[in-house]
Amino acid sequence: MDPDKKEITTLNVFCLGKGPVGSNLVDQILDTGFEVELRRKVRVKVFGVADSRYYIFDKSGVTGNWRAELASGKHRNDLDEIVQRICELDLENVVIADNTASQEVTDRYPDFLKEGFNIVASNKKLNSGPYEKYHQIRALLDKKGKLFYYEANVGAGLPVIDTIKQLKDAGDSITRIRGIFSGSLSYLFNTFSDTDRSFSDVLLEARKKGLTEADPREDLSGLDVARKLIILSREIGLKSNLEDVKVQNLIPEALRDKINLNSFLKEREVLDDHYKAIQQNLKEKKVLRYVGDLDVELRELKVSLIEVSRDSLMGNIKGTDSIFELNTKDYGEQPIVIQGAGAGGKVTARGVYSDLVRIGRASL
C-alpha cells in the first residue's frame with residue numbers, strides 16, 4: 001500500500017450544547033473539515049446537534065444552516081430518543097461532544113460508553129464530581145475500550161492535561177501545580193491591577209464581553225477554579241474531592257446572602273470598597289492574582305487571592321491569559337510553563353476539536 005494514501009477515518013459526532021463553545025465547535029468543523037481531512041486523514045462529520053430544548057439529526061451531516069434548523073423545534077431534546085436514533089443508524093466511530101454544563105448529561109456517560117460511543121467534553125462535572133463516579137467511568141472506559149478526552153476541562157485550548165499525561169508516561173513525577181486557571185478572573189484582576197477603575201466596573205465589562213458566566217458570582221465563588229484543581233490533582237493520581245480544596249470566595253461576606261444578581265449589584269459599592277482597600281494595602285510593585293495551588297507532597301489544594309510581583313510570570317500576564325506552572329522531580333526548581341488564552345468560546349472549542357482529531361487518529 002502506498003504510504004501516502006492512508007485510509008481516512010470518519011468520526012460521526014453528535015454535539016450536545018450550542019452555547020459559545022458548542023456553536024463554535026460546529027462552525028469550526030464545518031469551516032475547516034476539508035483541511036483537517038487532508039492533513040490528518042480524519043473526516044469529522046457532525047450528524048446531530050442538541051440544545052436544552054431541541055435536537056436535529058442528519059446522517060449525511062449538518063449544514064451551515066444548522067442554527068435555523070435547530071430553532072425550528074421539530075424534535076424535542078430527549079437523551080433516550082437521541083441515543084436510540086444513533087444506535088439505529090449503526091454508525092462507526094460515534095463521538096458524543098459534551099459542551100454543556102449539565103450534570104444530567106454527565107450522568108449519562110455510562111450509557112454512552114455502553115453503546116460504544118467515545119466522548120469529548122468541555123463539561124467539567126464528571127471529572128470534578130464525586131471520586132467514586134470518576135473512578136467508575138475510568139473502569140468502564142477500560143472495559144469497553146473507548147476513549148474520553150477532555151483537554152478543554154482545564155485550560156480551554158491549552159495542552160495542560162496532555163502535557164501532564166506525557167510527563168507521567170515518561171516516568172517523571174509532578175511535585176506541584178500552580179497558576180492562574182481562570183481566563184475570566186485573569187482578565188478581571190489584570191485589568192483591575194492596571195487601571196484606576198472600580199472593581200464592579202471591570203466585572204461588568206467582563207460580563208458584557210462574555211468572559212464571565214451570566215451571573216458573575218459563579219466565577220467569583222472560586223468553584224470553577226477549584227474544579228480545575230481537582231481535575232489536575234486526579235490526573236496525577238490523587239483521590240481528591242471538592243471538599244478537599246480550601247477556596248477563598250471572592251464575594252465579600254456581606255454580599256453572599258443576596259438572592260439574585262440585581263440585588264447583588266445594587267450594593268456594588270460594598271464590593272468596590274472591599275477591593276479598593278485590598279488594592280491600597282498592596283506592597284510596592286505587587287499585583288493581585290487569583291491562584292490555584294496544588295502541593296503534591298503535602299496533599300494541599302487551595303485557591304486564593306494573593307500578591308505577586310509585577311515582574312513575575314504571573315504578574316506579567318495580560319488579558320484573559322491563563323498560566324500553569326508544573327514543577328516535577330526531573331525538571332527541578334525550574335517549572336514547565338504553559339501560558340495562553342484561557343477563556344472564550346473559540347479557543348475552548350478548538351481544544352475540543354483537537355480532542356476529536358486525536359480520537360480519529362487513534363482509530364487509524
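The values are calculated or read from the model by the stated rules, or taken from the named source; none is laboratory data. Quantities reported herein were computed from a predicted structural model and do not represent experimental measurements. Please note: Cβ atoms are built from the backbone with ideal geometry, for glycine as well, and neighbour counts cover all protein chains shown.
Structural remarks
- Within the range 194-231, restricting attention to residues that are of a type in the set (S, T, N, Q) and touching a residue at least 40 places away in the same chain (Cβ under 8 Å), the residue that is nearest to N24 (Cα to Cα) is S200.
- Filtered residues of the range 142-168 (kept if among the aliphatic types (A, V, I, L, M) and over 19 Å from Y353 (Cβ atoms)): I164, L167
- Residues of the range 205-235 satisfying the condition of being buried (at least 18 other Cβ atoms within 10 Å of the Cβ), assigned to a loop (DSSP other than H, G, I, E, B) and not small (G, A, S): L211, T212, P216
- The one condition from (1) touching a helix residue (DSSP H, G or I) at 6+ places or on another chain (Cβ under 9 Å); (2) closer than 24 Å to I174 by Cβ; (3) surrounded by 16 or more Cβ atoms within 10 Å (Cβ to Cβ) that R299 does not meet is (3).
- Some residue of the range 248-255 being within 30 Å of E297 (Cα to Cα) and touching a strand residue (DSSP E or B) at 6+ places or on another chain (Cβ under 9 Å): yes
- Lone qualifier among E235, E243 - being touching a Lys or Arg at 6+ places or on another chain (Cβ under 9 Å), within 30 Å of S173 (Cβ to Cβ) and modelled with pLDDT of 95 or more: E235
- Test set (1) assigned by TED's automatic domain parsing to the domain that holds V21; (2) farther than 30 Å from E7 by Cα - F324 fails condition number: (1)
- Residues in the range 165-193 that are without any contact (Cβ under 8 Å) to a residue 60 or more places away in the chain and surrounded by fewer than 18 Cβ atoms within 10 Å (Cβ to Cβ) were compared, and the one that is nearest to V337 (Cα to Cα) is Q166.
- Whichever residue in the range 53-68 is part of a helix (DSSP H, G or I) and surrounded by fewer than 18 Cβ atoms within 10 Å (Cβ to Cβ) and, among such residues, is nearest to the chain's Cα centre (by Cα): R67
- Hey, D162 closer than 21 Å to D330 by Cβ and surrounded by fewer than 22 Cβ atoms within 10 Å (Cβ to Cβ) or not: yes
- Set R53, R85: member being touching a residue at least 12 places away in the same chain (Cβ under 8 Å), assigned by TED's automatic domain parsing to the domain that holds N24 and more than 23 Å from P20 (Cβ to Cβ): R85
- Residue among K143, K168 that alone is assigned to a helix (DSSP H, G or I), out of contact with any helix residue (DSSP H, G or I) (no Cβ under 7 Å at 6 or more places or on another chain) and not assigned by TED's automatic domain parsing to the domain that holds V245: K143
- The numbered conditions (1) closer than 24 Å to S122 by Cα; (2) exposed (fewer than 15 other Cβ atoms within 10 Å of the Cβ) are all true for D321 except (2).
- Selection from the range 27-52 of residues that are within 23 Å of the chain's Cα centre (by Cα) and either under 15 Å from G351 (Cβ atoms) or surrounded by fewer than 23 Cβ atoms within 10 Å (Cβ to Cβ) (or both): D27, Q28, I29, L30, D31, T32, G33, V36, V44, K45, D51, S52
- For the range 292-307, the set of residues classified as more than 18 Å from F199 (Cβ to Cβ) and either at pLDDT 95 or above or of a type in the set (A, V, I, L, M) (or both) consists of G292, D293, L294, D295, V296, L298, E300, L301, K302, V303, listed by residue number.
- Residue match in the range 175-194 (condition: among the charged types (D, E, K, R), at pLDDT below 95 and either part of a loop (DSSP other than H, G, I, E, B) or under 24 Å from L305 (Cα atoms) (or both)): yes
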